[in-house]
Structures are given as C-alpha cells and as structure tokens.
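S.K.: Got a structure here, written out as structure tokens. Questions coming.
The values are calculated or read from the model by the stated rules, or taken from the named source; none is laboratory data. Since the structure is predicted, the reported quantities are computational estimates derived from the model, not experimental observations. Positions of Cβ are backbone-derived with ideal geometry, glycine not excepted, and every protein chain shown enters the neighbour counts.
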Amino acid sequence: MSEKFKIAESGCPHFVTFTVVHWIDLFTRNEYRNVIIESLKFCQQKKRLEIFAWCLMTNHLHMIIGSNSGSNLQNIIRDFRGFTSKKLKSEIQSNPAESRKKWMLKLFHYEGSKRKTNGNFQLWKRNYHPIELFNRNIFEEKLNYIHQNPVKAGLVFEPQEYVYSSAVNYAGRQGLLDVMIECP
C-alpha cells in the first residue's frame, strides 16, 4: 500500500471502503452479511475497534472507524479483511442455495492468482483508501455520504430504514452494531 493510503496513527477516525473484487454483489444473502456483522462485533469486543458509522451495500462496506487504547487500526483492518475473506469463501463453497458459486469463486481465484501473496484467492480489492477525518466538517460529510448510500441506490426512502447501516443508531434506535455517535 502506498504511503498516500496509509492509516495515520493520529487518534482521528478514518473513512474506509472495502470493495469486493469486480464489484460482485456478494452481500445479497443474509448468511454473507452476517459474516461481516459478526466479524465487526468481534473486532469491537476483542480488538478495540471503534465504529462511528457503517453501511454494508451489496458489493462494498463503508465505515468510519478508529481504535482505542493504542490498538493499531491497520492491523485490525488486515485481520478483519483476512478473516472475512476466508470465512466468506467457505460460506460460498458450502452454500447449496448459491447459484453463482462457480462464477464467483472463479473470479476470486483469478484475482488471487495475480499475486503470490494471496494464495490464489482474493475477495476484497487491495486498496481501501483510508481518509483521516481530522475535523468535524469532514467527519459529517463522510457520515452523510455513508448513510445516504442506500437511499441513492434506491433501496430505501430514508437512511434509517436500511438495516445494514448505522443510520438507525443516529436516529436514536439500536442497530445491528454498537456505534459511537460522538465524533472524537
């Protein structure tokens, strides 16, 4: 990853986007979305990940995240992406209802074969372009962008109606994940 796209260990939250290779609509099934939700919960509980905002779309995940108590955010991201990649591969392979199995696995293997370090499998695009949110205006801009994603995609009329987003938390209700509403 180039220096331009590294996590600054400044204590500020970062906006990141994790995208499935070839923009494959992987997250159309609950079992795949649940892998992401459970993995994020684990990272919150065990790795000290702080989630300020998130939205899981069909082929990408937007988040505003940080880490507390000296945890290295880059390491948390690396572990999350590595674990979810392996877990999702296993879920796809073992899912008897998955009609796109061969096609998806072929594309994931094709992307993985481009780099020896991938072990012939790559689910996530390599770069996630972290943006340091060093002031309130930038934070609010990215927060709005994340929560408006499902509205712009035509999935819901109001951001808080989308289940796989923190917009519900910002509307005063409990969402699927615990979210830090206050901007640091």
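S.K.: Is there a residue in the range 160-169 that is in a loop (DSSP other than H, G, I, E, B) and more than 16 Å from the chain's Cα centre (by Cα)?
M.R.: no
S.K.: While we're here: Go through Ile36, Ile92 for me and flag whichever is crowded, with 17+ Cβ neighbours inside 10 Å, over 17 Å from the mean Cα position of the chain (by Cα), at pLDDT 95 or above and closer than 24 Å to Val163 by Cβ.
M.R.: Ile92
S.K.: Being in contact with a helix residue (DSSP H, G or I) (Cβ under 9 Å, 6 or more places away or on another chain) and modelled with pLDDT of 95 or more is the requirement here; does Glu141 meet it?
M.R.: Considered against the rule, which asks whether it is in contact with a helix residue (DSSP H, G or I) (Cβ under 9 Å, 6 or more places away or on another chain) and modelled with pLDDT of 95 or more, Glu141 comes out as no.
S.K.: Tell me, which residue of the range 56-75 that is polar (S, T, N, Q) and touching a helix residue (DSSP H, G or I) at 6+ places or on another chain (Cβ under 8 Å) is farthest from Trp23 (Cα to Cα)?
M.R.: Narrowing the range 56-75 to residues polar (S, T, N, Q): 58-59, 67-69, 71-72, 74-75.
Filter again for touching a helix residue (DSSP H, G or I) at 6+ places or on another chain (Cβ under 8 Å), leaving 59, 67.
Working: Asn59: 6, Ser67: 28 Å.
Checking each candidate, the answer is Ser67.
Residues are listed down the side, and each one gets a yes or a no for (1) surrounded by fewer than 17 Cβ atoms within 10 Å (Cβ to Cβ); (2) of a type in the set (Phe, Trp, Tyr):
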{"residue": "Phe42", "(1), (2)": "yes, yes"}
{"residue": "Asn75", "(1), (2)": "yes, no"}
{"residue": "Phe83", "(1), (2)": "yes, yes"}
{"residue": "Glu111", "(1), (2)": "no, no"}
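S.K.: Would you pick out the residues in the range 140-184 that are over 23 Å from Thr19 (Cα atoms) and exposed (fewer than 14 other Cβ atoms within 10 Å of the Cβ)?
M.R.: Phe157, Glu158, Ala171, Gly172, Arg173, Gln174, Ile181, Glu182, Pro184
Residue-wise test of (1) closer than 23 Å to Arg173 by Cβ; (2) more than 20 Å from the chain's Cα centre (by Cα); (3) of a type outside the set (A, V, I, L, M).
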site: Lys87; (1), (2), (3): no, no, yes
site: Lys101; (1), (2), (3): no, yes, yes
site: Ile146; (1), (2), (3): yes, no, no
site: Asn149; (1), (2), (3): yes, no, yes
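S.K.: On to the next question. So which residues in the range 113-130 are surrounded by fewer than 19 Cβ atoms within 10 Å (Cβ to Cβ) and modelled with pLDDT under 95?
M.R.: Ser113, Lys114, Arg115, Lys116, Thr117, Asn118, Gly119, Asn120, Phe121, Arg126, Asn127, His129
S.K.: Quick one: would you say Ser67 is of a type in the set (Ser, Thr, Tyr) and touching a strand residue (DSSP E or B) at 6+ places or on another chain (Cβ under 7 Å)? Show your work before the answer.
M.R.: Numbers: of a type in the set (Ser, Thr, Tyr): yes; touching a strand residue (DSSP E or B) at 6+ places or on another chain (Cβ under 7 Å): yes.
Considered against the rule, which asks whether it is of a type in the set (Ser, Thr, Tyr) and touching a strand residue (DSSP E or B) at 6+ places or on another chain (Cβ under 7 Å), Ser67 comes out as yes.
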